[in-house]
Amino acid sequence: MSALRRKFGDDYQVVTTSSSGSGLQPQGPGQGPQQQLVPKKKRQRFVDKNGRCNVQHGNLGSETSRYLSDLFTTLVDLKWRWNLFIFILTYTVAWLFMASMWWVIAYTRGDLNKAHVGNYTPCVANVYNFPSAFLFFIETEATIGYGYRYITDKCPEGIILFLFQSILGSIVDAFLIGCMFIKMSQPKKRAETLMFSEHAVISMRDGKLTLMFRVGNLRNSHMVSAQIRCKLLKISPEAFQHPLKKIASHHPWCES
C-alpha cells in the first residue's frame, strides 16, 4: 500500500474489494480480495491553509444592523476593492455636497450675477459658477490657498459654513485614513510564511499519548507571544457507508 501511495500520490485512495456482495468478480480461482486505486473525493477543508475557517453563520436575524453598529470594524474587515470604493465614494460625495453649499450661498446672495461688478463685495471672491465654487472648496479643504478665491467678512453664513466644513473634513479624514492605516498594518499575510508539517504523529511523551506536529517560520524575524489554536475533527466509522471500502482518511487537523 505504501508503494502505491508513493507512486500515485495522495490524490488516490486504496479500496479493498471482495467477490461477495459486490458486482466485481475475482480474476481467478482461489484469489482473495482485490485492491485498486480510485480517485479520492475532494472534501472541503474546515480550516484553510491561511488560517481562515470555512464557517458561515446563517439565520441570525438583524445581521445587517449588527455590522452597521460597529461600522469602523466592518470597513476594516472589508476586502480592499470595497474599501477603496467606499473611500473614493465618501470623498466624492462630501466634496460635491460642500461645493453645492457654497454655490447655493452665492446663488441666494446674487453673487453669480454681480461677480464682475467693481464696487460689489461678494461672499467669496471670484466664485461665479459651480466649477469655481468646487475649486474654492478644494483649495480651502486641502489648504492649498492659491489666493485668487477667498472668503470675505461680509458673509456671516459663509463663515459658519467654513467652520462646519473644517470640522466635517477633519472627521472624515480621521475616520477614513485611520481605517486605511489599520487595514494596511494588519498582518493577515503573516500566516503565508508559517509552515506546518504535512502529517501529524501520535507518540508517547511524558508517559502520555500526544499529538505532535512541527511548525516552521520562513522569516528571520522572531515572533513574540505567538499563539497556536488546533482543531481536531473526529469522524466516526459510520460516516463511510460503503461496506467494502477500507479508507485510511487524512483530514485537515490543525491550522494557526
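With each pseudo-label sitting 7 Å past Cα toward Cβ, what's the K79-C230 distance in nm, one decimal?
About 3.4 nm separates the two model spin labels.
With the Cα gyration tensor of region 117-170 giving a ≥ b ≥ c as the square roots of its eigenvalues, does the rule (a/c under 1.5 for rounded; else a/b larger than b/c for prolate; else oblate) give rounded, prolate or oblate?
Oblate.
Sort the following peptides by mean Cβ neighbour count (other Cβ atoms within 10 Å, averaged over residues), highest first: 142-149, 165-172.
165-172, 142-149
Using 0.36 nm per residue, how much length does the chain from S185 to V172 gain when fully extended, once their Cα-Cα distance is taken away?
2.7 nm
Non-local amide H neighbours of V127 (under 5 Å, H modeled in plane, Pro and chain starts lacking H): which ones?
none
What FRET efficiency, computed as 1/(1 + (r/R0)^6) with R0 = 30 Å and r the Cβ-Cβ distance, is obtained for V201 and N54, rounded to the nearest 0.05?
For V201 and N54, the calculated efficiency is 0.75.
All of the numbers you see were taken from the coordinates with simple rules; none came from a lab. This one's a predicted model, so the numbers in the text were calculated from it and none came from an experiment. A quick note on method: Cβ atoms are made from the backbone with ideal geometry, for glycine too, and the neighbour counts reach across all protein chains shown.
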